[in-house]
1. Using a probe radius of 1.4 Å on heavy atoms only, what accessible surface per residue do you get for the range 1-136? Whole Å² is fine.
2. With a ≥ b ≥ c taken as the square roots of the eigenvalues of the C-alpha gyration tensor of the range 43-151, please select rounded if a/c is under 1.5 and otherwise prolate if a/b is larger than b/c or oblate if it is not?
3. Tell me the net charge near Lys78. Cut-off is 14 Å between Cβ atoms, Lys78 excluded, with +1 for each Lys or Arg and -1 for each Asp or Glu.
4. Report the Cα centroid-to-centroid distance between the range 90-151 and the range 69-89 in angstrom, as an integer.
5. So what is Rg over Rh here for the range 55-115, counting just Cα atoms and using Kirkwood for Rh?
6. Between Leu72 and Lys148, what is 0.36 nm times their sequence separation minus the Cα-Cα distance? Round to one decimal in nm.
7. Multiply the residue gap between Glu90 and Asn23 by 0.36 nm, knock off their C-alpha separation, and tell me the result in nm, one decimal place.
8. Are there GluC sites (Glu not before Pro) in the range 21-86 that DSSP marks as loop and that have at most 11 other Cβ atoms within 10 Å, and which are they?
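The values are calculated or read from the model by the stated rules, or taken from the named source; none is laboratory data. Here the structure is a predicted model, which means the values were calculated and not measured. For neighbour counting, all protein chains shown are included, and Cβ atoms are generated from backbone atoms with ideal geometry for every residue, glycine included. Accessible surface areas use protein heavy atoms only, side chains included; no ligands, DNA or RNA. Shrake-Rupley method; radii C 1.70, N 1.55, O 1.52, S 1.80 Å.
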Amino acid sequence: KEILITSGGENIAAVLVENTVKNECNAISNAFLVGDKRRYLTILLTFKTMMNEDGSPHDDLAPETLKWLKSLNIHHQKMSEIGDDLKVKEALQDVINRVNSKAISNPHKIQKFAILPHEFSIITGELTPTMKLRRHVVLEKYQTVIDKLYS
């Protein structure tokens, strides 16, 4: 059901790759693989943040994210501070490289990634009430980010 078929005809289990990325870095809350009918794979990433009482994502980073950033000697406290931080991007590239080293073939490797401005939630529409990813909503909502990854 959640199989991506690249333009080269490779079948890729999105959830398997996404879970591998999340397991490689516990600061990542959501990983969303993109690549259906495309030449290569890209991934959208969100960091763990605190949640407001209504279930919407807060700008304050969660303890796991703060701990991971501190291990990199980065001292951001808020998601909005991460933005285009080069050290964070380099650290995430290392995570992607480790994931790619486990890939069974080149088409299964992630070529590019983007950091999204907030964690997925029911309130923001990316998750169902049972916490399942609403793939069509994420694709639609972050279409401009995805287009940049393929331009």
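1. 55
2. Oblate.
3. That works out to -4.
4. 18
5. 1.05
6. Net length gain for the segment: 24.6 nm.
7. Here the answer is 22.3 nm.
8. Qualifying residues, ordered by number: Glu53.
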